[in-house]
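Contents: one structure, followed by commentary.
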Amino acid sequence: MSFIGLGKMGYQMAYNLFSKQYVQDNDSQFVVCDTNLDTVQSFGTTFITQYPSAHITYAETPEKLVYDIPLQFNSHLKLAIGQLCCLVEL
């Protein structure tokens, strides 16, 4: 499970979603992405304190987060992100 944006609202939303998923499947892996590395570290520390065996990683960019997800889950999303990145680079 992945989440982009750990601002005031996103932090709480990600924590809520991740914790519910972790309770259902404690083998879940989580990925967060935010421009503020301190916030990412704080989120990871807080979540790991509550769920010590959880696996949380950080994606440096939303594009990296999307491209690391297995193809069968997001082929349409990868295409959309790829097109968006091409537009932004122009």
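Expected output is a single nm value to one decimal: the length gained when fully extending between Ser53 and Met1, i.e. 0.36 nm times separation in residues minus the C-alpha distance. What is it?
Full extension from Ser53 to Met1 adds 17.2 nm.
Calculate, in nm to one decimal, what Thr35 and Thr61 gain on full extension: separation in residues at 0.36 nm each, minus their alpha carbon distance.
Computed gain between Thr35 and Thr61 is 8.6 nm.
Coordinate-derived values only; no laboratory data. Remember, it's a predicted structure, so these values are computed and weren't measured experimentally.
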